[in-house]
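Everything below concerns the one structure shown next.
The values are calculated or read from the model by the stated rules, or taken from the named source; none is laboratory data. All figures in this text were calculated on a predicted structure; none of them were measured in a lab. FYI the Cβ positions are ideal-geometry reconstructions off the backbone, even for glycines, and counts take in every protein chain you see.
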């Protein structure tokens, strides 16, 4: 076979997956154990909390990617669950911008952002336009956690030129080991079918269970695909990471 018929190595894309773990930053259960897993994680750290700086620095030191886990208003749930300086739909444009900027400053090494809760805020065009503009200004990408089917993130991110990705599944949306294991098996099936997949888990209530299940499944996942930081799944990866070269 002539060389002209051989595949270009640059065009051969290996299968890859990104696992995002939310809710770091508040001394949550499973934090240390999660960060020590033999897996490249994307670590979503809540801003302005007790262990925000410590968790972000340790995650970076251990080779994980860090993003801001920005608390946003849900359709249901207590505001107290959001933590300090949450983004709510009753805030002025100026206050939203200020809170987003403060959140980014409080999380060392952050190269991206996703939202904590946020089913109401992420469906609000006024709110998300401001959030995404700040992300663009600071060179951050945005992961739409997909906590609502009414999210306006894809539309606005494309309009504003913000690199963005979308969560495809949650490991622990139901707080039982049985469910997490079921989702972990589903993740294997998705890896066999798709070239790329993104999934979200948590430290905290399900932290120890998530660690236990991931320990069991990591060899299986690595057999199917490469574990990568979330930013490697967006075309603008090189641009985002220029900040740390």
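Residue check: is residue 88 more than 16 Å from the chain's Cα centre (by Cα), touching a residue at least 24 places away in the same chain (Cβ under 8 Å) and under 25 Å from residue 53 (Cα atoms)?
yes
Could you grab me the full set of residues in region 98-112 that are more than 19 Å from residue 58 (Cβ to Cβ), surrounded by fewer than 17 Cβ atoms within 10 Å (Cβ to Cβ) and in contact (Cβ under 8 Å) with a residue 24 or more places away in the chain?
Across region 98-112, the qualifying residues are 101, 102.
Would you confirm, using the coordinates I've provided, whether residue 142 is in contact with a helix residue (DSSP H, G or I) (Cβ under 7 Å, 6 or more places away or on another chain) and touching a residue at least 60 places away in the same chain (Cβ under 8 Å)?
no
Which of the residues spanning region 145-190 are crowded, with 16+ Cβ neighbours inside 10 Å, in contact with a strand residue (DSSP E or B) (Cβ under 9 Å, 6 or more places away or on another chain) and free of Cβ contacts under 8 Å to residues at least 12 places away in the same chain?
Once the filter is applied, which keeps residues that are crowded, with 16+ Cβ neighbours inside 10 Å, in contact with a strand residue (DSSP E or B) (Cβ under 9 Å, 6 or more places away or on another chain) and free of Cβ contacts under 8 Å to residues at least 12 places away in the same chain, region 145-190 yields nothing.
Taking residue 174, is it out of contact with any helix residue (DSSP H, G or I) (no Cβ under 7 Å at 6 or more places or on another chain) and part of a loop (DSSP other than H, G, I, E, B)?
Yes: the conditions hold for residue 174.
Looking at 154, 219, can you tell me which residue is under 23 Å from residue 93 (Cα atoms), out of contact with any helix residue (DSSP H, G or I) (no Cβ under 9 Å at 6 or more places or on another chain) and in a helix (DSSP H, G or I)?
Unique residue meeting the criteria: 154.
Looking only at region 191-216, which residues are in a loop (DSSP other than H, G, I, E, B), within 17 Å of the chain's Cα centre (by Cα) and either modelled with pLDDT under 95 or surrounded by fewer than 22 Cβ atoms within 10 Å (Cβ to Cβ) (or both)?
Once the filter is applied, which keeps residues that are in a loop (DSSP other than H, G, I, E, B), within 17 Å of the chain's Cα centre (by Cα) and either modelled with pLDDT under 95 or surrounded by fewer than 22 Cβ atoms within 10 Å (Cβ to Cβ) (or both), region 191-216 yields only 204.
Does residue 38 satisfy the criteria of being touching a helix residue (DSSP H, G or I) at 6+ places or on another chain (Cβ under 9 Å) and under 24 Å from residue 148 (Cβ atoms)?
Answer is no for this residue.
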